[in-house]
Every structure is written in C-alpha cells, then in structure tokens.
Amino acid sequence: MKLSFKTLIPYFIPEATPLSLGEKLRSGLASFGGILLVGLISSHFITGPGLPLMVASMGASAVLLFAASHSPLAQPWPLIGGNILSAIVGVACSRVLHDPVLASAVAVSLSIIVMHLTHSLHPPGGAVSLIPVLGGESIQALGFHFVLLPVALNVLVIFAGAMIINNLLPGRRYPSRPLKKRDDVHKHDDPKAMDRLGVTSDDLRNALKDFNAYLDVSEEDLSKVYKMAGMHSYQRKMGVINCADIMSRDLVTVEYGTELEEAWAQLRFHKIKVLPVVDRAHRVVGIVTLVDFLKRANLKTYETFEDKLIKFIKRTPGMASDKPEVVGQIMATPVFTANQDMHIVELVPLLSEKGLHHIPIVDAEKRLVGMVTQSDLIAALYAGAVAKSE
C-alpha cells in the first residue's frame, strides 16, 4: 500500500463523534463550573502543593464527567472507586519502593489492574496514583491520610458538581441508567417489542465478551445507537413517509371546560377511545381517554359499575361539587406530540415501548392538525413494505 499523508491521517486522528456546537460549548461551560467548585471548596481544607496537584488531577476527571458523561469511565463508582483505590496504591508504592521511577511504574500498573478487577476503571486514577510518589515530602508525609484529604474530598465535590450541573443541562442525565430488561410499562419480564427481533441485549453482551477489549460506551448507549441506526436504515429503504401522510385529520376535540357528560357522549357517539384537549389556539393542553373516566369514577363495591359511572359523569346540580365536573380536571398532561414532518419510523419506539396508543400530530406552530394511532402505523409500515417488495 502506498503511504501518503492522507492515508496516515486516520491512524493518528480518529473520526470524531458528530456533536452539535451547542453540546461542545455546554461541555466546556460545565467543566468550568465543576473545577471552580472543586477549587473553591478544596482551598478551605488543603494548603501547600497538594492543592494544585489535586485540582489538576480533577481536571482529567472533569473531561469525562462533563464532556463524556455517558461513558462507563465517568460513572459514580469508577469516579469514586478509581480515584480512591489508585490513591491507596500510590501511597503504598511510595512507602515500599524508594526509587521514584520504579515506584511510578508500579503504582500506575497496579492501579490499572486494581481498577479493572473492581470494575472502577477511571483514567485519571493513574495520575492520582503518581501524586504520592512524585508529589514531594509534604504529600508523602500525609501517608494514607492523603486518601481522605485531599483525594476523597475532591472526588465527592466534583461528583456533587457533576450530579447538579449535568442534570440541569438540557438533554443530559447523570449518572447513566442501566439497561432495563423488564418491561416497566406492561409490568412483565418479556423483552420489549423492539428487542424481540434482531439484536438483543444478550447478543450485545456476548459480542462485547468476544471482542475482549474495553469499549468506552455503555451497554444502554450501544443498544440505543444500534436501534437508531436500524431506524435510519429502514427510513432510507422505505423512502419518505411522514406523519402527515398517515394521520387522521377530521378530529373530535374538547376544551378544558368541556363538561364530562358532553365529553363522554362524544367518545360514545364517535366510538373512539381518546379526545385531545385543546385551547382556543388549537394547541394541545391535555388528553382524556376512557381510562381517565374509569380511574376517577371511584368504582368500588356496594353500587353497580353502571350506577357509579353515570353518577360520576352527570353534572352536579348547583354551584358546589365534590367531584370533577369538566375535562380539565381529569385529563392527562403533559401530552407527548409529534410534528407532522416527522418520519413515521420515529413513532415506532413511542407506540411500541412507551405505552402510547395515540399520538397527537402538530404543525410548526404547535397547533393540532391530526392524530396517529397504532393501527395507522401498522397499516403504513405494511403498505411501505409491500410497495418496496413490488
């Protein structure tokens, strides 16, 4: 193979994960807040050379916590365990081995092994293990007190900062959630609908085991990326079919102040199970279903089901009432909506995994323009598959 500068670039500069400019700026600003918090709090407890050394090591942790918060390396146990265990290894090496070069090599290698064995791999832990060896007499004099102050203090401060800052930023959460095997919507142990075909979580786990190399991606994120890639592939093969193409347009709606008796009559007359609740601008403010009526009707014993339901639905005479009287008092809110230009493939996980049966469709001004049901989606996917095969 002919070598050139262009062919060598991919070996030295990996292809970056496509991120928006906003996400990159949020990472920088979040790390500013985290390190500022570490410096301010630590300066009240630590003096001398220990402060700049520990703040510097926390800078490496900040890259993971605020720029790669979904990474397995940035999760709470790797952050806490990786730093503290590495500090213990570093102190032990500085006391047993008097040659700083040998002590440094042993400290880093042992800390990596310990972190691997305890599932707490955190790259900044390697730097922490070097501080007791190379930090000078003042740090070495601390002995194993170094593990508590400054290491544990700094770790807990930056962890608290990551919990607060990351969860305040839009589109982020920290720590990452484990991949759920149970279907929490329908309360059973069967895999979710989209996990029953194709690559399952067990397949991913076995593939990672066979790969036998550390990948800096969580099982949950890997599963999500696989599903999203499958949706993009299906969308590319099916062509453009948007929500506007399959939605129902002649909708029956109610308002916040619509009386329950009228809303119930609309459900019965049109033989439907859901009514969008809109404001005067025709924007969706809630949704009311048959289930909402049944849940609030207090269907207990002594009276028949029909009697109690009728009593709940009928308007209470007079000005005072001890039960809901209008739709706004029983509607579900907030309501998940989809834009009319959204590809129907993006509705699949919402209708199959989120427990949704109807999705209101809105335009660019958030005004209600249609409704897509599970039946609409099934018919569209079938029609698209048939058209493609023909």
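Looking only at segment 163-173, which residues are open to solvent by less than 50 Å² (accessible area, probe 1.4 Å) and at pLDDT below 90? Reasoning before the result, please.
Within segment 163-173, the first condition is being open to solvent by less than 50 Å² (accessible area, probe 1.4 Å), and the residues that meet it are 165-166, 169, 172-173.
Listed by number, the residues that qualify are L169, R172, R173.
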Considering only segment 286-390, give the helices (runs of 4 or more DSSP H) lying wholly within it that have at least 2 residues that are at pLDDT 85 or above and closer than 19 Å to V240 by Cβ. 374-389
Among the residues of segment 127-162, what is the count of those that are outside any loop (DSSP other than H, G, I, E, B) and open to solvent by 70 Å² or more (accessible area, probe 1.4 Å)? 7
Go through segment 101-124 and count every residue that is part of a helix (DSSP H, G or I), open to solvent by less than 10 Å² (accessible area, probe 1.4 Å) and hydroxyl-bearing (S, T, Y). 1
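Looking at G39, is it at pLDDT 75 or above, within 30 Å of E137 (Cα to Cα), touching a Leu at 6+ places or on another chain (Cβ under 9 Å) and open to solvent by less than 30 Å² (accessible area, probe 1.4 Å)?
Working: at pLDDT 75 or above: yes; within 30 Å of E137 (Cα to Cα): yes; touching a Leu at 6+ places or on another chain (Cβ under 9 Å): yes; open to solvent by less than 30 Å² (accessible area, probe 1.4 Å): yes.
The answer is yes for G39.
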Regarding H98, is this residue in contact with a Leu (Cβ under 6 Å, 6 or more places away or on another chain) and not in a helix (DSSP H, G or I)? no
Residue pairs qualifying under the 8 Å Cβ cut-off, at least six apart or on distinct chains, with the first in segment 341-363 being hydroxyl-bearing (S, T, Y) and the second being open to solvent by 30 Å² or more (accessible area, probe 1.4 Å), are S352/K192; S352/A193; S352/M194
Counting only residues that are open to solvent by 10 Å² or more (accessible area, probe 1.4 Å) and either over 15 Å from A152 (Cβ atoms) or under 22 Å from the mean Cα position of the chain (by Cα) (or both), how many does segment 79-88 have? 1
Any idea which residue in segment 253-265 is nearest to R280 (Cα to Cα), counting only those that are open to solvent by less than 30 Å² (accessible area, probe 1.4 Å) and β-branched (V, I, T)? V254
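Among I330, I310, I361, I344, which is under 19 Å from A263 (Cα atoms) and touching a helix residue (DSSP H, G or I) at 6+ places or on another chain (Cβ under 6 Å)? Break it down stepwise before answering.
Numbers: I310 fails: touching a helix residue (DSSP H, G or I) at 6+ places or on another chain (Cβ under 6 Å); I361 fails: under 19 Å from A263 (Cα atoms); I344 fails: under 19 Å from A263 (Cα atoms).
I330 is the lone residue from the list that is under 19 Å from A263 (Cα atoms) and touching a helix residue (DSSP H, G or I) at 6+ places or on another chain (Cβ under 6 Å).
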Filter segment 336-381 for residues that are over 21 Å from the mean Cα position of the chain (by Cα) and of a type in the set (S, T, Y); which is least open to solvent (accessible area, probe 1.4 Å)? T373
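The values are calculated or read from the model by the stated rules, or taken from the named source; none is laboratory data. Quick caveat, the model's predicted, so the values are computed rather than measured. Counting neighbours? That spans all protein chains shown, and the Cβs are built from the backbone with ideal geometry, glycine included. With ligands, DNA and RNA removed, areas are computed over all heavy atoms of the protein, side chains included. Shrake-Rupley method; radii C 1.70, N 1.55, O 1.52, S 1.80 Å.
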